[in-house]
Each structure stands twice: as structure tokens, then as C-alpha cells.
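Some notes on the structure that comes next.
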Amino acid sequence: MNLNDDVKKIFFETFPLLTESDFSWEKTQNNYDDWDSFAQLNLITLTEAKFEINFSDDEITSINSPKTLLDMIKSKI
């Protein structure tokens, strides 16, 4: 299992207009035009299903970049 690839796939699934050149691990929620509450829910749902983990409400609200999502997954598996 390649965690980085899996997280990237989740981001590309959640943000279909995202291009490889636009993707950055450090890019935050504010830099995504379409990262709204629905996108956040989609990210979390896909991640929890893929890795069979659950996030608390506080964890969900702290996820604001691919890197924070990756770090959160690493802390749970």
C-alpha cells in the first residue's frame, strides 16, 4: 500500500478539475476554489472507507491540506 498515492487518488476523486501540476502536499483548503463543506465531507468519507478508520469532529475540522490528511491517516493506522 502506498499511502501517498492513495491520498492523492482521494484528492483527485474529490476535486475532478484538479491537475497533477496543481496538486501540492502543502496546498491548503484556502487555495482550492471548490473545497467547501461538501468536499470536506467527501474527503473524509472516502478516506474513512479506504483505510477503515474514523475521525473525530475535531480531527475533521483540522484537516486543511493533503499533508494534514496524510499525517492524520498515519496517526491512525
For this session: Of the numbered conditions (1) of a type outside the set (D, E, K, R); (2) out of contact with any Asp or Glu (no Cβ under 8 Å at 6 or more places or on another chain); (3) buried (at least 17 other Cβ atoms within 10 Å of the Cβ); (4) part of a loop (DSSP other than H, G, I, E, B), residue 55 fails exactly one; give the number of that condition.
Result: (2)
Exercise. Where residues in region 26-40 are hydrophobic (A, V, I, L, M, F, W, C) and more than 10 Å from the chain's Cα centre (by Cα), which of them is farthest from residue 57 (Cα to Cα)?
Worked result: 35
Problem set entry | Top-ranked residue in region 1-52 [being part of a loop (DSSP other than H, G, I, E, B), without any contact (Cβ under 8 Å) to a residue 24 or more places away in the chain and among the polar types (S, T, N, Q); ranked as surrounded by the fewest Cβ atoms within 10 Å (Cβ to Cβ)] | 21
For this session: Could you tell me whether residue 18 is of a type outside the set (Ser, Thr, Tyr), modelled with pLDDT of 95 or more and touching a helix residue (DSSP H, G or I) at 6+ places or on another chain (Cβ under 9 Å)?
Result: no
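The values are calculated or read from the model by the stated rules, or taken from the named source; none is laboratory data. Keep in mind that this is a model prediction, so the values were computed, not measured. With ideal geometry, Cβ positions are generated from the backbone for all residues, glycine too; neighbour counts draw on all protein chains shown.
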